[in-house]
Amino acid sequence: MGSAENKSIGASNSALQPDIQTARLDAQAYVDIFDDLNPPLTRHEALVEADRCYFCYDAPCMIACPTSIDIPLFIRQIAAGNAKGAAKTILAENILGGMCARVCPTETLCEQVCVRETAEGKPVKIGHLQRYATDELMEEGQHPFKRAAPTGKHIAVVGAGPAGISAAHRLAMYGHEVTVFENRAKGGGLNEYGIAAYKTVDNFAQRELEFVTQIGGIHFEYNKSLGRDISIEALKTGFDAIFLGMGLPGVNALNLPGEEASNVIDAVDYIAKLRQAEDLSTLPVGRDVVVIGGGMTAIDIAIQIKKLGAENVTIAYRRGQENMNASEYEQELAQVNGVIIRHWLQPKELKRNADGTVNAIELEYTTSENGRLSGTGETITLKADQIFKAIGQVFEPEPLKNSGISMSKGRISVNEQRHTSVDGIWAGGDCVAGGEDLTVSSVEDGKVAAESIHHVLMQIPQAISGFAEEVLSAQGWMNNGQRIVPGPEPIEWPREH
Ligand SMILES: Cc1cc2nc3c(=O)[nH]c(=O)nc-3n(C[C@H](O)[C@H](O)[C@H](O)COP(=O)(O)OP(=O)(O)OC[C@H]3O[C@@H](n4cnc5c(N)ncnc54)[C@H](O)[C@@H]3O)c2cc1C
Ligand code: SF4
């Protein structure tokens, strides 16, 4: 790019009080503002969709699932009219299968590799089918698994997010007692405080938590924070093992003067308030909103603030469209909802009023050479009544001070069994290094850690569970340790089409 140039869109450097208001919409508009993004399938739709599955052997969808759910098998069970059996197959590997059916980016996981996608560009709707099955079982209200006899072991779990809940459930199922210490007043982690409102409606996070904890043996200590109310030393003394599932409580900063202004907001904080708001019309909403970031959080805050009545919402991302962490599907969703996504722009300066509030943001165009990003000198200024920072979250290591736990790239280092460098302490979910920062991968971490804890505490030599196999054998889908491959013969069920 040649000489530095400054374009100005809808902004001047003179004082301009931010236009931030509550109740931007008519009262009636709030009623269905965050309706279910993907309404559930009817029974007929589920059967038709299940019928599209080829029940592949060595199914690529199953390999792509971070929790290794036996997808062809559960789809086969739905096709056979056995939705509850299908749910059991799902929950045996992923106890938060109901939430994952709603929030998994299936377009980059199981559905991306489905042979129907490869052949026709139209995958089997695995996520929808998973929801159909798990919803049916949850509606019945009965927990599908039984607890083993008490072992006398007691495990501390720190954090009641997907990783902590998954670990707690599996440990309780093996007969251990579990105490979960949670910083907040409610459990669920980002399922309750972070996921976009239109992905999880009707208080699903709390309903699922209740369903999962029906297993028994899980006790919650809310408003208890590691580092403030409890220490690693105390947990080591009082418990047989510790699992850390603390997520990423901190957020990255823009590192620009003026960032402390009340209208420069952490997207995750705002979403937490939105998710807990009893009256959405009380939330402050700017007229012109700029979101900085390129991941799921950026997309989620942009869509939600637009739905709450913001007039112009722009996402500014410092690299190209293909580099965005948000999937193509998520990007399209934002655009369909009227959000503008602009690429190759990085924040340069916050334009401030005398009272410290921000009225605009200057962004610099960027370019990348051999992966190295640099500013071109050319800038653009966007009017901004609110600026949302969605540039990633960070782990806060303070509660682990003096614990001896090794860290890598600012997160907890773990081995394949999710064991940390300190005896008796495991960790999983977003707080560990090398993960994918997804709900489903956090559930997997919790499960793998719980299996390892169980084997270590009970001195069982092999490190692989066998629980899913037990569930399948009980349903007649396993024989001598081998999965019975669904055969080509037609299955009878009361078809409605
Ligand atoms: C806005 C947003 C939207 C997202 N959308 C999706 C999505 O659509 N699909 C998807 O797959 N993933 C999504 N994710 C990612 C997903 O939510 C996380 O990967 C997942 O929740 C991580 O689970 P976790 O258990 O590791 O951590 P968390 O869910 O963060 O839970 C950690 C828990 O630990 C508690 N805690 C923290 N510190 C302490 C302490 N010192 N003492 C006691 N308790 C503590 C916290 O209060 C919290 O309850 C999203 C993330 C964000 C931020
Ligand atoms: S890849 Fe697609 S067609 Fe094959 S088993 Fe999985 S969902 Fe069915």
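Some points to look at:
- Region 116-148 residues near the modelled Asp202 label - backbone nitrogen below 20 Å, point 7 Å along Cα→Cβ: 126-144
- Look at where the Cα atoms of region 400-452 and of region 104-162 average out, and the two centres are 21 Å apart.
- Placing +1 on each Lys and Arg Cβ and -1 on each Asp and Glu Cβ, with no other charges, gives region 173-311 a dipole about its Cα centre of roughly 180 debye.
- 0 to 90° range, to nearest 10: angle between helix 296-307 axis and the chain longest Cα axis: 70
- Among 294-303, 205-214, the peptide with the highest mean count of other Cβ atoms within 10 Å heads the list, and the full ranking is 294-303, 205-214.
- Spin-label proximity, Arg147 to region 202-218 - amide N less than 14 Å from point 7 Å beyond Cα toward beta carbon: 212-218
- Sequence of Val113, Val285 once ranked by neighbouring C-beta atoms within 10 Å, starting from the fewest: Val113, Val285
- Among Tyr57, Tyr222, Tyr317, the order by Cβ neighbours within 10 angstrom, fewest to most, reads Tyr57, Tyr222, Tyr317.
- Amide H contacts of Leu345 (H built 1.01 Å from N, under 5 Å, at least 5 apart or other chain): Tyr317, Arg318, Arg319, Thr366
- Pair Leu373, Glu210: separation of 7 Å Cα→Cβ label points (nm): 4.3
- Residue ranges 328-336, 236-244 sort as 236-244, 328-336 when ordered by packing (mean number of other C-beta atoms within 10 Å per residue, highest first).
- ³J(HN,Hα) computed for each position of region 227-239 - Karplus, 6.51 cos²θ - 1.76 cosθ + 1.60, integer Hz, glycine/proline x: x, 10, 9, 9, 10, 4, 4, 5, 5, 5, 6, x, 10
- Here's the picture: charge each Lys and Arg Cβ at +1 and each Asp and Glu Cβ at -1 in region 94-153, and of Gly141, Val115, His128 the one pushed furthest to the positive end of that dipole is Gly141.
- Mean separation of Cα contacts under 8 Å (6+ apart) over length of the chain, as relative contact order %: 20
- Highest mean first, the peptides 445-454, 407-416, 19-28, 337-346 sorted by other C-beta atoms within 10 Å per residue fall in the order 445-454, 337-346, 407-416, 19-28.
- Between the helical axis of 83-93 and the longest alpha-carbon principal axis of the chain there is an angle of about 80 degrees.
- Exposure proxy shown here: for Thr151, Thr89, the number of other Cβ atoms within 10 Å sets the order, fewest to most, as Thr151, Thr89.
- DSSP bridge analysis restricted to the chain gives an antiparallel fraction near 40%, rounded to the nearest 5.
- Size of electric dipole in region 330-476: Cβ of Lys, Arg +1 and of Asp, Glu -1, about Cα centre, debye, nearest 20: 480
- Rounded to 10°, Cα long-axis angle of helix 204-213 versus longest principal axis of the chain: 30
- Charged-residue dipole, Cβ positions (Lys, Arg, Asp, Glu), the chain about Cα centre, Debye nearest 20: 500
- Amide N of region 65-102 lying under 12 Å from the label point, which is placed 7 angstrom from the Cα of Gln112 along Cα→Cβ: 65-66
Where a number appears in this text, it was derived from the coordinates with a stated rule and is not lab data. These figures come from a predicted structure and were not determined experimentally. Here Cβ is always computed from backbone atoms with ideal geometry, including for glycine, and neighbour counts include all displayed protein chains.
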